Amino acid sequence: YASYLVWNDLGGCSSKAIVPLGLYGAQLLLNWAWPPLFFGARNLNMALVDILCLDGLAVGTLCSWYRINGLAALLLLPYLGWLAMATCLTIRIWRDNPRQKPGKSD
C-alpha cells in the first residue's frame with residue numbers, strides 16, 4: 001500500500017518516480033536474495049553484506065518517501081523494525097560461526 005501511495009502521488013511511472021521507486025525495488029531484490037544466501041548457500045558473509053546493504057536501501061527508501069508522502073514513510077517503520085531484528089540475528093550468527101581456517105582442526 002505504501003508503494004502505491006508513492007506511485008500515485010508521483011503520477012505513476014514518471015521521471016520523478018525513478019529514484020523513490022527504484023530504491024524500493026532495489027531493497028526488495030536484496031530482501032528476496034537474503035534467504036537463499038543465508039539458508040540455501042549458508043554463506044554468512046554474503047548474507048551479512050546483503051542485509052547491511054538492504055538496511056541502507058530501506059532507510060534511503062523511507063527518507064525518499066517521506067518527502068513525497070508521510071503516511072507511506074510511516075508505513076515502512078514496522079518493516080524497518082523487522083529488518084533491525086533480522087540484522088542483529090544475522091550479525092550474531094555470523095560472529096558465532098567463524099569459518100574454520102585451512103589446515104586447522106579441532
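Only residues that are open to solvent by 40 Å² or more (accessible area, probe 1.4 Å) and of a type in the set (S, T, N, Q): list them for segment 8-49, please. Those that are open to solvent by 40 Å² or more (accessible area, probe 1.4 Å) and of a type in the set (S, T, N, Q): Asn8, Ser15, Asn31, Asn43, Asn45.
Here Leu52 fulfils each of the conditions (1) open to solvent by less than 40 Å² (accessible area, probe 1.4 Å); (2) out of contact with any Asp or Glu (no Cβ under 7 Å at 6 or more places or on another chain) apart from (1). The residue that is surrounded by the most Cβ atoms within 10 Å (Cβ to Cβ), counting only those in segment 55-75 that are without any contact (Cβ under 8 Å) to a residue 24 or more places away in the chain and over 20 Å from Arg92 (Cα atoms), is Leu62.
Within segment 47-73, the residues that satisfy the criterion of being farther than 16 Å from Leu23 by Cα and more than 13 Å from the chain's Cα centre (by Cα) are Gly70, Leu71.
The values are calculated or read from the model by the stated rules, or taken from the named source; none is laboratory data. Keep in mind that this is a model prediction, so the values were computed, not measured. Here Cβ is always computed from backbone atoms with ideal geometry, including for glycine, and neighbour counts include all displayed protein chains. Note: accessible area is taken over every heavy atom of the protein model, side chains too, but ligands, DNA and RNA are not part of it. Shrake-Rupley method; radii C 1.70, N 1.55, O 1.52, S 1.80 Å.
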